[in-house]
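All remarks here apply to the structure that follows.
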Amino acid sequence: MDYYERTAEVSRLYEYQGKKILREAGICVPEGEVVSTPEEARDVAERLGRPVVLKIQVWVTGRAGLGGIEFADSPQEAEEKARKLLGKKIKNYEVEKVLVEEKLAIRSEYFAGLVIDDAQKSPLMIFSSVGGTGIEEIAQAHPEKVAQIPVDIFKGLRDYEARNLLRRTGISGKLLLKISDALTKLYKVARQYDARSAEINPMVLTENGEVYATDCHIAIDDYAVFRHPELGIEIAREFDRPPSELEKIAYRVEEKDHRGTFYFLQMTDEILKEDRCIGFNGAGGGGSMMSMDAVLNMGFQLANYCDTSGNPSASKVYRAAKIILSQPNIKGYFASGSGVASQEQYHSARGLVKAFYEEKLDIPGVIRLGGNYEEKAIEILAAYLKDIPSEVEGYGRDDSPEFCARRMKELIDKNGSISHEIRPISDPEVSEDAYVFETSTGRIAIDQSRCVSCASKGCVDACAPEILKLVDDKPVLAVTEEDARKGKCTECLACEIFCQFHEQNAIYIHLPIPGLMEYRDRMIERTSGIRQPEKENK
Amino acid sequence: MAILVDEKSRVVVQGITGREGMVRTRLMKDYGTHVVAGVTPGKGGGEVFGVPVYDTVEEAWEKCGPIDISVIFVPAALVKNAALEAIDAGVKFLTIVPDRVPIFDVLEVARLAKDRGAVFVGPNTLGLVSPGKAVLGMIGGRAERAREWFRPGEIGVSSRSGGMTSAISYYLTEAGLGQSTIIHVGGDAVVGLSHPEVMELFEKDEQTRLVAMFGEIGTTQEERVADLIEEGKFTKPLIAYVGGKAAKSGTRFSHAGAIVEGTRGSYKSKVQRLKDVGVHVVESISEIPKVALELKESIRR
């Protein structure tokens, strides 16, 4: 994995999904159906009543070379071949679906594609009169067979424009009409579905003179997925593989909480004890990229890419940290953004403190929180992370990412490269008579029986949005429960941290991350083989 | 001088009654930006921090006089229509702050802007500052912070990363180097003013003596800056950092993209092209002020 797609935020469709859309738009696609069992494959072949091709539905290129495409002359053979393909591992991805289609007699292959050109700020239709695998190389070797035309966004691709485009690649006669018709339809598909790219490769001419799309790649603009519920896109982000379980858990956090950005992507499939992998928590695209470069230049690998920026709440940073720390065997936790963030950096600091403290962080952390109120942020880290097993250092805008990456390395070397062990999560025990109210993504419980011994009542002062007040010397909401739930409580975590470290440890903010508890349990079982009895204490 | 905005520019804020709109209007006004009107359909007649609110941009224009700039803070799904409205009303420069604007919407805005001779920064931009004169968008967060971090001077800053826009400018200020205009071109694949277009503006600006640019892998912006320099259309000294060196190359989102861009877009391609035309490419952000100081000396001589 890499992070190239940060600038190409798109959601890919599988071939069979793309073909369905093309067919609806009036472009010829081979007859067939997607199946997930060998028996279904036989049924489809039987219904088609002619030789078929079976194609795995996995996001890899060059499927034929990987053994992902098979042919069958009979339903019986289709069943056998499907059995062979289904469940097969291709580049770590298990084949779950196979597309069974009629086999076409092909005379020639072309390439047709629509992309967005950032320089011209316009869609661009590209056609090549040679197509198939290795199209980039073909295009380079035969520039005269490739032509492109910008499409006027207000007018769309006119049929005569498509004909002129084709003419320049040597296409003529009846074929010109058939392909130009397909091209104008391809543009309409791209426009209708907000596709950042829509490609038919190959587009083929059959022996009986028809033009078909025999494969297609359509990628929907991540930012426009909300307009297309009909596509059923689970995670509106392109992956060159199906999203991992942990990525799905992270995505659900982002989906439910729009304060700031939270983007999480795993970059290493399975982290081994001997790997020098870092859990990475960046802030902002450019700052993250720069910080990742610094970490990689120190000879580390990255377990994940994560971006918490755009003024995220403390609770969001907390959840990000909990998710990053669900990756076993990482050697360090590195957080660094641009260095001069406009947002108040102490929110991120509090999120990290809560997470690291709960996790009893066992690996070193280097946290570069440069920006507004960084002094306070660094102080929060220093003051409250003294008692955890590992060292966490906080830095600000005047400390470069390169320096911080070097500190990361020094701290890891110093502790003998300890591997992170993930801990089980359990729901907190909340005393029955605790004062409880809901927040926008969680719940705050105050064990008021402990407040008797509290001299400072500092939680009320710590609360930045001023939603707590004292009644009978005990903290209660100063706003309605509904207002607190609707966002008056900003989940800044200040009350909990104050109470925990300066007073009676009476406040607990429960910020659930659906699915993470089960995920960790499974990971622990997988890595240790034995169920660990110890549960996390609050 | 500075580019795109100064203290005299007459600014309208679209989406002024929203949460972001209100907070950022305060930042802009506190800093000295000449905010003359706000627009929120259905909320005409009100006021935000003393700024009159109208139902449409056209109405704001009629009642307050000509408008030079619109800063847009409406939800992503409404950005297209807000931008088209401003351009249609005659506004020639837009700052489109929201992120997650659908790409075809951006293309429509770009198309109408081209027809009407308008330009825009964004979407997904923190905005821009001409230090000591005016700020557009949300860069700096608070006026006092923006005053502390950014100082007037002769270095133009153009960045594809919002955070790095502030960071580079702050480090320049720390080194005693002021800035003419600081601009975050936006993080999306298609933006209104991209690096090469900003360079052309800096070329014409008398105050700007040299430029610092934060590039990233992906798109062809940095290569096109190199093209400009080669064609003699940008002649001022340029310091560039390109992020994404350690990214593995290869994940392309489409074959067609690769056909159009060829090898453009990768870290290697960008750095090579920039170096070939004499750009000072640095390996770390902290080198930018150092190189800028050296260049400043040589310009003086």
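The values are calculated or read from the model by the stated rules, or taken from the named source; none is laboratory data. Bear in mind that the values here come from a model prediction, so they are computed numbers and not experimental data. With ideal geometry, Cβ positions are generated from the backbone for all residues, glycine too; neighbour counts draw on all protein chains shown.
Within segment A:239-276, restricting attention to residues that are within 14 Å of chain B (Cβ to nearest Cβ) and in a strand (DSSP E or B), which residue is surrounded by the fewest Cβ atoms within 10 Å (Cβ to Cβ)? My answer is A:T261. Could you tell me whether segment B:142-150 includes any residue that is at pLDDT below 95, facing chain A (nearest Cβ under 8 Å) and under 23 Å from B:L94 (Cα atoms)? Within segment B:142-150, one or more residues are at pLDDT below 95, facing chain A (nearest Cβ under 8 Å) and under 23 Å from B:L94 (Cα atoms). A:E33 fulfils the conditions (1) in contact (Cβ under 8 Å) with a residue 24 or more places away in the chain; (2) outside any strand (DSSP E or B); (3) at negative phi except for a single criterion, (2).
Conditions (1) touching a Cys at 6+ places or on another chain (Cβ under 9 Å); (2) of a type in the set (A, V, I, L, M); (3) within 14 Å of chain B (Cβ to nearest Cβ); (4) on the phi < 0 side of the Ramachandran plot, marked per residue:
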| site | (1), (2), (3), (4) |
| --- | --- |
| A:Y357 | no, no, no, yes |
| A:A383 | no, yes, no, yes |
| A:D387 | no, no, no, yes |
| A:Y395 | yes, no, yes, yes |
| A:D399 | no, no, yes, yes |
| A:A405 | no, yes, yes, yes |
| A:P424 | no, no, no, yes |
| A:P428 | no, no, no, yes |
| A:T441 | no, no, no, yes |
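Kindly provide the set of residues from segment B:75-105 that are crowded, with 24+ Cβ neighbours inside 10 Å and part of a loop (DSSP other than H, G, I, E, B), ordered by number. Result: B:V91, B:V97, B:V101.
Taking segment A:440-532 and the helices (runs of 4 or more DSSP H) fully enclosed by it, the elements with 2 or more residues that are touching a Leu at 6+ places or on another chain (Cβ under 8 Å) are at A:458-462. Taking the criterion of being closer than 16 Å to A:F262 by Cβ and surrounded by fewer than 24 Cβ atoms within 10 Å (Cβ to Cβ), the only residue of segment A:329-353 that qualifies is A:Q343.
Quick one: is A:V436 away from every other protein chain (no Cβ under 14 Å), in contact with a strand residue (DSSP E or B) (Cβ under 6 Å, 6 or more places away or on another chain) and free of Cβ contacts under 8 Å to residues at least 12 places away in the same chain? Answer is yes for this residue.
Can you tell me how many residues within segment A:339-379 are among the hydroxyl-bearing types (S, T, Y) and either in a helix (DSSP H, G or I) or under 24 Å from the mean Cα position of the chain (by Cα) (or both)? Looking only at that region, the number is 3. For A:Q301, the conditions (1) in contact with a helix residue (DSSP H, G or I) (Cβ under 7 Å, 6 or more places away or on another chain); (2) within 11 Å of chain B (Cβ to nearest Cβ); (3) surrounded by fewer than 24 Cβ atoms within 10 Å (Cβ to Cβ); (4) not aromatic (F, W, Y) all hold with the exception of (1).
Let's see how each residue does on (1) within 12 Å of another protein chain (Cβ to nearest Cβ); (2) touching a Ser or Thr at 6+ places or on another chain (Cβ under 8 Å):
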| residue | (1), (2) |
| --- | --- |
| B:T95 | no, yes |
| B:P102 | yes, no |
| B:L107 | yes, yes |
| B:L126 | yes, yes |
| B:G137 | yes, yes |
| B:G163 | yes, yes |
| B:A167 | yes, yes |
| B:Y170 | yes, no |
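Listed by position, the helices (runs of 4 or more DSSP H) inside segment B:195-301 whose residues that are within 26 Å of A:N304 (Cβ to Cβ) and modelled with pLDDT of 85 or more number at least 3 are B:267-276. Among the conditions (1) at pLDDT 95 or above; (2) surrounded by fewer than 24 Cβ atoms within 10 Å (Cβ to Cβ), B:G15 misses just one, which is (2).
Taken over segment B:30-74, the criterion of being within 24 Å of the chain's Cα centre (by Cα), outside any loop (DSSP other than H, G, I, E, B) and closer than 30 Å to A:A224 by Cβ is satisfied by B:G38, B:V39, B:V57, B:I69, B:S70, B:V71, B:I72.
Number of residues in segment A:58-93 that are touching a Leu at 6+ places or on another chain (Cβ under 8 Å) and touching a residue at least 24 places away in the same chain (Cβ under 8 Å): the value is 10.
Answer yes if at least one residue in segment A:184-193 is closer than 27 Å to B:G218 by Cβ, more than 10 Å from every other protein chain (Cβ to nearest Cβ), more than 30 Å from the chain's Cα centre (by Cα) and in a helix (DSSP H, G or I), and no otherwise. Among the residues of segment A:184-193, not one is closer than 27 Å to B:G218 by Cβ, more than 10 Å from every other protein chain (Cβ to nearest Cβ), more than 30 Å from the chain's Cα centre (by Cα) and in a helix (DSSP H, G or I), which makes the answer no. Could you check, for segment A:443-460, whether at least one of its residues is under 30 Å from A:R368 (Cα atoms), crowded, with 19+ Cβ neighbours inside 10 Å and away from chain B (no Cβ under 14 Å)? Yes, segment A:443-460 contains at least one residue that is under 30 Å from A:R368 (Cα atoms), crowded, with 19+ Cβ neighbours inside 10 Å and away from chain B (no Cβ under 14 Å).
Only one of the numbered conditions (1) in contact with a Phe, Trp or Tyr (Cβ under 7 Å, 6 or more places away or on another chain); (2) within 22 Å of A:G285 (Cβ to Cβ); (3) surrounded by fewer than 23 Cβ atoms within 10 Å (Cβ to Cβ) is violated by B:K63, and that is (2).
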